[in-house]
Amino acid sequence: MPDAMTPPQAGQTVALFRDDFYLSTCEGRVTDVLEDGGIVLDRTCFYATSGGQPGDSGFLERADGSRIEIATTRTGATKDIIVHVPAADQPRPAAGEEIVAHIDWPRRYKLMRMHTACHLLSVVCPYPITGAAVGEDESRVDFDMSETIDKNDVSEKMMALVRENHPITLRWISDEELLANPDIVKSKNVRPPVGLGRVSLVCIGEDAAIDSQPCGGTHVSETQEVGEIHIAKIEKKGKENRRFRIRFGSPEPVA
């Protein structure tokens, strides 16, 4: 996928969020309006649904100050195309129209914190990941494991990583480097997409001392930004599968 420094090919979108997770607004130009109303821009800060993280919502500001409310964002025919899906009964822009894109920042920031929390959980529970979904108030991560584990102990270890305030950085590797090092992928069933030329590694700690794994989602810049989190529930989803539910805030006291 083209980055902020690479001119897009016809029909592609420059994904500005890939190089700046904190970018909440940007200028863009409408390159296409699909039959279902989806709006394609030449560049965007909106994250498209992928890897268990929902797409951004927000609005597109037109030259006259009016808005086109965006309900979600997805990829198009290829991952190089990012489609902004309008809410119901929104006006339809014209190709070539210049707009300013604004993401719903409070929602995105919660998703960034939650996605980072999922990475911290994978550090505390170093088992193969069989599924995950990032949410604004609750996320889940499924592990290929049969062991019994205490949710409060997991919560305490995650919060220790939060309080230690490790830096979180992004490093890019080539498709070839990823294919040559398959063990860095924690997901058991889903492999990071290749064919775009490069893959992002999310690194936690100085020199990735805590963790490093391929991920195309958005994350905070240091672990303390995650805030108070806990494991609300651990569910048995088969003989060798456990589902961990992460929530913001402190655990509810035991009655």
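Summary of computed values
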item	result
Qualifying residues in the range 68-86 (those that are outside any strand (DSSP E or B) and among the aliphatic types (A, V, I, L, M)) - the one farthest from Gly217 (Cα to Cα)	Ala77
The range 118-133 residues that are over 16 Å from His230 (Cβ atoms) and among the basic types (Lys, Arg), paired with ones that are at pLDDT 90 or above and surrounded by fewer than 17 Cβ atoms within 10 Å (Cβ to Cβ) (beta carbon under 9 Å, 6 or more apart)	none
Tally, over the range 2-41, of residues that are at pLDDT below 90, out of contact with any helix residue (DSSP H, G or I) (no Cβ under 7 Å at 6 or more places or on another chain) and hydrophobic (A, V, I, L, M, F, W, C)	2
Failed item, numbered, when Thr44 is tested on (1) crowded, with 18+ Cβ neighbours inside 10 Å; (2) modelled with pLDDT under 95	(2)
Wholly within the range 98-149, strands (runs of 3 or more DSSP E) carrying at least 2 residues that are within 19 Å of Gly51 (Cα to Cα)	129-133, 138-143
Residue match in the range 216-229 (condition: more than 19 Å from the chain's Cα centre (by Cα) and either farther than 25 Å from Ile149 by Cβ or not acidic (Asp, Glu) (or both))	no
Selected residue [surrounded by 17 or more Cβ atoms within 10 Å (Cβ to Cβ) and either in a loop (DSSP other than H, G, I, E, B) or in the same structural domain as Ala160 (by TED's automatic domain parsing) (or both)] from Gly65, Gly28, Gly55	Gly55
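Here is a yes/no grid of residues against (1) out of contact with any Cys (no Cβ under 6 Å at 6 or more places or on another chain); (2) in the same structural domain as Phe244 (by TED's automatic domain parsing); (3) among the hydrophobic types (A, V, I, L, M, F, W, C):
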site: Val124; (1), (2), (3): yes, yes, yes
site: Pro128; (1), (2), (3): yes, yes, no
site: Glu138; (1), (2), (3): yes, yes, no
site: Lys151; (1), (2), (3): yes, yes, no
site: Asn165; (1), (2), (3): yes, yes, no
site: Arg198; (1), (2), (3): yes, yes, no
site: Cys203; (1), (2), (3): yes, yes, yes
site: Ser212; (1), (2), (3): no, yes, no
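For (1) assigned to a loop (DSSP other than H, G, I, E, B); (2) small (Gly, Ala, Ser); (3) surrounded by 13 or more Cβ atoms within 10 Å (Cβ to Cβ), each residue gets a yes or a no:
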residue	(1), (2), (3)
Asp207	no, no, no
Thr218	yes, no, yes
Gly238	yes, yes, no
Ile246	no, no, yes
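The values are calculated or read from the model by the stated rules, or taken from the named source; none is laboratory data. Nothing here was measured: the structure is a model prediction, and the numbers come from that model. So basically every Cβ, Gly included, is an ideal-geometry build from the backbone, and we count neighbours across all protein chains shown.
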